[in-house]
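Q: My questions will all concern the structure given below.
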Amino acid sequence: MTIQQLRTALRTAGIPPKGLKRELVSALQSYLAKEIDGESSLLADKQDPSNSDKRISMMMETKSVEDQVQDANSFSKVSEVQQSRRTVKQLQIKGKMVDVNAKIVATEQKKSACASGRMTSLTKKKASSDVDSKYVSAKNRVTLPVNQSEPWTILAHKKPQKGWIAYNPRTMRRSLPIENTKFVKILSWNVNGLRALLKLEGFSAMELAKQENFDVLCLQETKLQEKDVESIKQSLIEGYENSFWTCSNTRLGYSGTAIISRIKPLAVRYGLGISDHDSEGRVVTAEFDSFYLLSVYVPNSGDGLRRLAYRITEWDPSLGNYIKELEKSKPVILTGDLNCAHEEIDIYNPAGNRRSAGFTIEERQSFSTNFLSRGFVDTFRKQNPDVVGYTYWGYRHGARKGWRLDYFLVSEAIADDVHDSFILPDVIGSDHCPIGLVLKL
């Protein structure tokens, strides 16, 4: 089965088609054999993708898709691509054939799937875009969400509070500042492997640059080695001649951060200046005329929280001290994957993740103590206090169960100059999506 067919199948199921072919297959496998609510292990793939592969393989060897699930559901909105006729043929998973035919047409179509010799028939009806989407759930059955081009626009939270709404970039992003207003536009993205992203069918860095017209792009988790950097530079975006990279020296193909800019910075530095923290390529700092910009990939506390103590007692305080020192000369913009969902609004299932890396009380307190309490502002939350907007989704858990792990934090001195702080959930290619900042100068 081709990558394009895999993506079409996942879109039909309402799952973001992100990642390499192996990850797309795993996502479809997990979807078909889904047996858990699953939110509490959402970061398992992020910490060790091999664990997920093993679990999914075992699951697919022992389970089959059973029962009939029939539902006449509707589409909330169908994009131009999804309006075209699509057919996904056969997918072989661990020797089991699943035949999925997905066609979007003006009239009701029948779809069939064959798994372990048993047939599951699915029926969908195309409806007007103002009808809310629905989900089918039944014991021992596959849960089949209706295909949606914009699932993030529907509030997804295990325990939403009164007044919370879903983030919708089409309606919540602000127009650019008026003519003759100077500003800088910065994007930040955990790409989860840059080489894989650039090879991804359908992804174009040039198209992203054309669409967003950003001045600076910050990357995290590039997973590059030093020997890869020069060749990668050649395949990047025209017009962005200034790029600065740092790679992990202790574990090849791991971590890595970068800043790519069409504005030439005054100076660039790498790391925090502390050898214990600087071997994994987690920080690049660029100095511009009116601010410092940091692209940062904060260490994950890991399976079993094995790096939690290091994270909260060493890394976070060192990063906090570093940016406060920079701030003595000019304001600071800190962006990247900070690996912490700070508040309950920032995670789909807070109750189920109290001891999950990224949402422990220790990490959340450290986030407050080392950054927010020291005068740095979470720009997205300041602009959108009651908005549920995620930036990370595990491959195993569908389109809506997310975390907000990626941030733009800025010095209080320039917080009121932030014109827009936004999320781009429609940009595929990673298990994270890009985030953006527009700062008036």
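The values are calculated or read from the model by the stated rules, or taken from the named source; none is laboratory data. Since the structure is predicted, the reported quantities are computational estimates derived from the model, not experimental observations. Quick reminder, even Gly has a Cβ in these numbers, built from the backbone with ideal geometry, and neighbours come from all protein chains shown. Calculation scope for accessible area: heavy atoms of the full protein, side chains included, ligands and nucleic acids excluded. Shrake-Rupley method; radii C 1.70, N 1.55, O 1.52, S 1.80 Å.
Q: What is the projected area of the convex hull of the Cα atoms of region 182-440, averaged over all directions, in nm²?
A: It is 13.0 nm².
Q: With viscosity set to 1.002 mPa s at 20 °C, what whole-number translational diffusion coefficient in µm²/s follows for region 351-395 from Stokes-Einstein and a Kirkwood radius over Cα pairs?
A: 174
Q: In nm, what is the difference between 0.36 nm times the number of residues separating Glu179 and Lys330 and their Cα-Cα distance?
A: Once the chain is fully extended between Glu179 and Lys330, it gains 51.8 nm.
Q: Okay, next question. Quick one: Debye curve from the C-alpha atoms of region 266-392, no solvent, what's log10 I(q)/I(0) at q = 0.16, 0.20, 0.23 Å⁻¹?
A: Per q value, in the given order, log10 I(q)/I(0) is -0.83, -1.24, -1.51.
Q: What nm distance separates the two modelled labels at Arg22 and Thr171, each placed 7 Å from Cα along Cα→Cβ?
A: Each label point is offset 7 Å from its Cα along the Cβ direction, giving 4.1 nm.
Q: Counting only heavy atoms of protein chains, what accessible area per residue, in Å², does region 182-440 have with a probe of 1.4 Å?
A: 36
Q: With a 1.4 Å probe and every protein chain kept in, tell me what percent of the accessible surface of region 350-441 is carbon plus sulfur. Intermediate results must be reported in sequence, preceding the final value.
A: Working: 1260 of 2590 Å².
On region 350-441, the fraction of accessible area on carbon and sulfur atoms equals 48 percent.
Q: With every protein chain left in place and a probe of 1.4 Å, what is the accessible surface of Ile15, to the nearest 10 Å²?
A: Approximately 10 Å² for this residue.
Q: Where the eigenvalues come from the Cα gyration tensor of region 150-254, what are the semi-axes √(5λ) of the equivalent ellipsoid, largest first, in whole Å?
A: 31, 22, 13
Q: Then there is this: Which entries of Lys210/Lys264; Lys210/Lys401; Lys158/Lys185; Lys210/Lys382; Lys182/Lys264 show an alpha-carbon separation above 22 angstrom in the structure shown?
A: Lys210/Lys401; Lys158/Lys185; Lys210/Lys382
Q: Residue separation times 0.36 nm, minus the C-alpha to C-alpha distance between Asn249 and Ser290: what's the value?
A: 11.6 nm
Q: Order these peptides, 308-319, 428-439, 178-189, by their mean beta-carbon neighbour count within 10 angstrom, highest first.
A: Descending mean neighbour count gives 428-439, 308-319, 178-189.
Q: Under a crude label model (7 Å from the Cα following the beta-carbon direction), how far is Asp426 from Tyr310 in nanometres?
A: Placing both labels 7 Å beyond Cα along the Cβ direction yields 4.0 nm.
Q: Percent antiparallel among DSSP beta bridges with both residues in region 182-440, to the nearest 5?
A: Taking every DSSP beta bridge with both residues in region 182-440, the antiparallel ones total about 80 percent.
Q: A further question follows. Relative contact order for region 182-440: what percent, with Cα pairs under 8 Å and sequence separation of 6 or more? All intermediate terms of the calculation are to be shown ahead of the outcome.
A: Values: 559 pairs, mean separation 49.6, N = 259.
RCO, region 182-440: 19 percent.
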